Amino acid sequence: MLKAVIFDFDGVIADSEELHYKALNEVLKRYGVDVPKAVHWQKYLGYTDQENIEAVSRDYGMGLDAAGVQSIMQEKKRLFNDLAMREAVIIDGVEDFVRRVRAAGIRMAICSGALRSDIELMLDGAGFAEMFEVIVSAEDVQKGKPEPEGYLLALERLNRQGESLQANECAVIEDSRWGLEAAAAAGMCPVAVTTTYSKQELQDKARKVVSRLEELKIETLADLCKSSNS
């Protein structure tokens, strides 16, 4: 039975993946490192900011210590906020889908590798922050996706606030293979949207793949959750 939908944020709710890349790479350039967009999408997209910067530091020989990583994170955050206020948009079809889920009495949460402040900034701008009972962000986990920690924490927090849920009663909407793997590892029902990667790249990790959230019907999600229980 479908009782909750848990959303990734970047690339699922907000068109902000590009903004995160632009902000971080602009900061990295100040340190003499330029990560091509294709490399970022292939290697680092599913990471939290900290994981991303640590990985780039290793891969590009930057030799950053913990303080250096934190410094770049703060620089990136300031630049991202500037970009988000000017350029970020909620992806077409998301608001309609979120309101349909809410009208069906299904609980909603967000589990993202983004910073809470970034998420709240864009949700407030969209006017539907109140739709989500729980937000799990980068600050809340030790290990990002594809580890299931974030999704298990989202479930735990939902259970603290209302009716007890089982993992297999939760559908997860993701745009990357890392997120889909995390959802599956948490025992949830992974569904993919092709805003960032192609259907071919995602279909072996997802129970269903759509190009836009508005294509999804609540009944379809409920059926997917039922089939995952059988």
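The number of residues in segment 64-81 being of a type in the set (A, V, I, L, M) and either touching a residue at least 40 places away in the same chain (Cβ under 8 Å) or closer than 30 Å to LYS3 by Cβ (or both) comes to 2. Could you check, for segment 185-196, whether at least one of its residues is in contact with a Pro (Cβ under 9 Å, 6 or more places away or on another chain), surrounded by fewer than 20 Cβ atoms within 10 Å (Cβ to Cβ), free of Cβ contacts under 8 Å to residues at least 60 places away in the same chain and not in a loop (DSSP other than H, G, I, E, B)? Checked segment 185-196: at least one residue is in contact with a Pro (Cβ under 9 Å, 6 or more places away or on another chain), surrounded by fewer than 20 Cβ atoms within 10 Å (Cβ to Cβ), free of Cβ contacts under 8 Å to residues at least 60 places away in the same chain and not in a loop (DSSP other than H, G, I, E, B).
Could you tell me whether segment 42-50 includes any residue that is within 30 Å of MET1 (Cβ to Cβ), within 16 Å of the chain's Cα centre (by Cα), surrounded by 19 or more Cβ atoms within 10 Å (Cβ to Cβ) and touching a residue at least 24 places away in the same chain (Cβ under 8 Å)? Checked segment 42-50: at least one residue is within 30 Å of MET1 (Cβ to Cβ), within 16 Å of the chain's Cα centre (by Cα), surrounded by 19 or more Cβ atoms within 10 Å (Cβ to Cβ) and touching a residue at least 24 places away in the same chain (Cβ under 8 Å). From the list GLU95, GLU181, GLU75, which one is in the same structural domain as GLN50 (by TED's automatic domain parsing) and either touching an Asp or Glu at 6+ places or on another chain (Cβ under 8 Å) or surrounded by 16 or more Cβ atoms within 10 Å (Cβ to Cβ) (or both)? Of GLU95, GLU181, GLU75, the one residue that is in the same structural domain as GLN50 (by TED's automatic domain parsing) and either touching an Asp or Glu at 6+ places or on another chain (Cβ under 8 Å) or surrounded by 16 or more Cβ atoms within 10 Å (Cβ to Cβ) (or both) is GLU75. Quick one: in segment 126-163, which of the residues that are of a type in the set (S, T, N, Q) and in a helix (DSSP H, G or I) is nearest to ASN81 (Cα to Cα)? Filtering segment 126-163 for residues that are of a type in the set (S, T, N, Q) and in a helix (DSSP H, G or I), the one nearest to ASN81 (Cα to Cα) comes out as GLN161. Checking each residue in segment 82-125 for being in contact (Cβ under 8 Å) with a residue 40 or more places away in the chain, of a type in the set (D, E, K, R), closer than 15 Å to ARG212 by Cβ and part of a helix (DSSP H, G or I) picks out ASP96, ARG100.
Determine if segment 11-24 includes at least one residue that is in contact (Cβ under 8 Å) with a residue 40 or more places away in the chain and under 21 Å from LEU155 (Cα atoms). Scanning segment 11-24, I find at least one residue that is in contact (Cβ under 8 Å) with a residue 40 or more places away in the chain and under 21 Å from LEU155 (Cα atoms), so the answer is yes.
Considering only segment 26-41, I want to know if a residue exists there that is hydroxyl-bearing (Ser, Thr, Tyr), surrounded by 15 or more Cβ atoms within 10 Å (Cβ to Cβ), in contact (Cβ under 8 Å) with a residue 24 or more places away in the chain and within 27 Å of LEU152 (Cα to Cα). Within segment 26-41 (the criterion being hydroxyl-bearing (Ser, Thr, Tyr), surrounded by 15 or more Cβ atoms within 10 Å (Cβ to Cβ), in contact (Cβ under 8 Å) with a residue 24 or more places away in the chain and within 27 Å of LEU152 (Cα to Cα)), the answer is no, since none of the residues qualifies. When we screen LEU115, LEU64, LEU24 for residues that are among the hydrophobic types (A, V, I, L, M, F, W, C) and either over 27 Å from GLU149 (Cα atoms) or at pLDDT below 95 (or both), the only hit is LEU115. Report yes if VAL12 is closer than 16 Å to MET122 by Cβ, out of contact with any Ser or Thr (no Cβ under 6 Å at 6 or more places or on another chain) and in a loop (DSSP other than H, G, I, E, B), otherwise no. So VAL12 fits the description; yes.
Give the residues of segment 132-156 that are crowded, with 17+ Cβ neighbours inside 10 Å and farther than 16 Å from GLY46 by Cα, sorted by residue number.
PHE132, VAL134, ILE135, LEU152, LEU153, ALA154, LEU155
The values are calculated or read from the model by the stated rules, or taken from the named source; none is laboratory data. Keep in mind it's a predicted model, so treat the numbers as computed, not measured. As a convention, Cβ positions derive from the backbone with ideal geometry for all residues, glycine included, and neighbour counts pool all protein chains shown.
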